Amino acid sequence: MKKIALLFFLLFFVNVYSQKKKDTIPKPKWKIHGRFAFIFNQSSFSNWASGGENTVAGNINVNYDFNYKKNNINWDSRIISGYGLSYISDKGYRKTDDRFELNSLFGLKTSNYWFFSFITNFRTQYTKGFDYKKDPVELVSEFFAPAYLTFGPGMLWKKSDNLSLNVAPATARYTFVSDFFSGQFGVDEGKNTAFSLGFNIAGYYKFSLMDNIEMENIFTLYTDYLANVGNIDLDYQTNIRFKVNKNVKMMMTFHTIIDDNSSSRIQFRQLFGLGVNYSFHEKVTYQ
């Protein structure tokens with residue numbers, strides 16, 4: 001009897017000790033990661049029988065992630081910034097990429113994978129954009145014209161940092177334009193802002209295709225309750241990254257936008273290149 005009692009005591013002690021040890025393992029509170037990427041492309045021709053144009057192109061991307069976790073609070077923020085130029089002989093410089101975007105998602109945990117959430121998104125571009133297919137070229141965008149601010153409460157399902165889905169049934173969106181673009185991008189003539197209220201779904205999924213190859217999917221669906229009821233705006237981006245070594249990666253980007261207020265046609269952007277990647281700020285603090 002004493003041996004059985006001693007055995008139960010030892011099992012209880014081991015269980016308590018292991019649980020205590022598990023609870024004392026520090027958990028990350030803040031995760032901060034800043035990444036810089038430079039992609040360069042160049043082609044040159046001299047007396048080339050089949051022809052060709054000399055081109056030089058470069059893209060700079062800066063991404064900043066801020067992730068906060070403590071108790072039932074989960075707060076993920078990301079800054080996405082990119083700018084690219086190409087130089088084509090006889091045509092001069094052309095913009096190939098221009099983007100600034102801020103995403104913030106605050107969640108208050110209610111169950112294992114569910115959170116009350118509040119989303120904030122802001123996006124615009126840095127410089128003027130032109131439609132070079134028209135003669136003379138036509139100005140189609142500039143800094144803060146257009147700019148979009150979206151925010152609203154919802155519910156977040158988050159399985160991990162690589163898989164999440166946020167549903168926000170009462171999302172407000174403001175569209176800002178300059179006087180030059182008044183009457184475009186869904187803004188009434190003579191005004192500089194437009195307001196809409198709608199249903200927003202945002203998802204994120206990242207996974208490994210195979211060793212050193214990962215695929216990242218980001219999508220947003222939005223439909224307005226006040227105008228164009230039933231019309232759905234789509235923003236979907238796929239990034240495929242091939243890791244050569246710590247600082248050299250090859251990347252493919254496919255980006256599709258469907259938004260009747262900015263264009264009557266489907267917008268598509270594709271980027272492929274080999275570039276240098278550098279983490280300039282990587283920090284973890286613990287609870």
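The values are calculated or read from the model by the stated rules, or taken from the named source; none is laboratory data. All values reported here derive from a predicted model rather than from experimental measurement. FYI the Cβ positions are ideal-geometry reconstructions off the backbone, even for glycines, and counts take in every protein chain you see. These area figures cover heavy atoms from the full protein model, side chains too; ligands, DNA and RNA do not enter into them. Shrake-Rupley method; radii C 1.70, N 1.55, O 1.52, S 1.80 Å.
A straight chain from Y205 to I32 at 0.36 nm per residue would run longer than the Cα-Cα distance by 60.3 nm.
Let me know the volume per residue of the alpha-carbon convex hull for the chain, in Å³.
Measuring per residue, one finds 188 Å³ for the Cα hull of the chain.
Between the range 50-89 and the range 136-196, the alpha-carbon centres lie 19 Å apart. Protein heavy-atom accessible surface, 1.4 Å probe, per residue over the range 136-282: 56 Å².
Note: relative contact order over the chain, using C-alpha pairs below 8 Å and six or more positions apart, is 14 percent. Taking 18 Å as the straight-line reach from the Cα of K191, the aspartates and glutamates in range (excluding those fewer than 8 positions away in the same chain) are E142, D179. Note on D97: accessible area is roughly 20 Å² with a 1.4 Å probe, heavy atoms of protein only. Note on the range 61-148: Rg/Rh from C-alpha atoms, Kirkwood Rh, equals 1.20.
With a simple spin-label model that places each label point 7 Å from the Cα along the Cα-to-Cβ direction, the separation between V229 and S182 comes to 3.0 nm. For the range 129-134, 3J(HN,Hα) computed residue by residue from phi via the Karplus equation (6.51, -1.76, 1.60; θ = phi - 60°) reads x, 10, 9, 7, 6, 9 Hz, glycine and proline entered as x. Remark: the range 100-113, residue by residue, has Karplus-estimated 3J(HN,Hα) of 9, 9, 10, 10, 9, 9, 9, x, 10, 5, 10, 8, 3, 10 Hz, where x stands for each Gly or Pro and the curve is 6.51 cos²θ - 1.76 cosθ + 1.60 at θ = phi - 60°. Shown are R265, R78, whose ranking by accessible area with a 1.4 Å probe and every protein chain present, most to least, is R265, R78.
Only Cα pairs under 8 Å and 6+ residues apart enter the sum, and on that basis the relative contact order of the range 57-105 stands at 36 percent.
Judged by the mean number of other Cβ atoms found within 10 Å, the most tightly packed of the peptides 249-262, 218-231 leads the ranking 249-262, 218-231.
Could you pull out the pairs from K31/K158; K158/K206; K91/K128; K206/K243; K69/K249; K27/K283 whose alpha carbons sit more than 20 Å apart here?
K69/K249
Here the relative contact order of the range 39-191, from alpha carbon pairs under 8 Å that lie six or more residues apart, stands at 14 percent. For the chain, with all protein chains in place and a probe radius of 1.4 Å, 61% of the accessible heavy-atom surface sits on carbon or sulfur. Each of Y278, N59, S111 was placed along the dipole of the chain (beta-carbon charges, centred on the mean Cα), and the one lying farthest toward the positive end is S111. For D161, no residue has an amide H sitting under 5 Å from its own, ignoring neighbours fewer than 5 places away on the same chain, with H placed 1.01 Å from N. Summed over qualifying helices (DSSP H, 4 residues or more, each -39500 (n - 2.57)) and divided by its residue number, the chain shows a 222 nm mean residue ellipticity of -2500 deg cm²/dmol.
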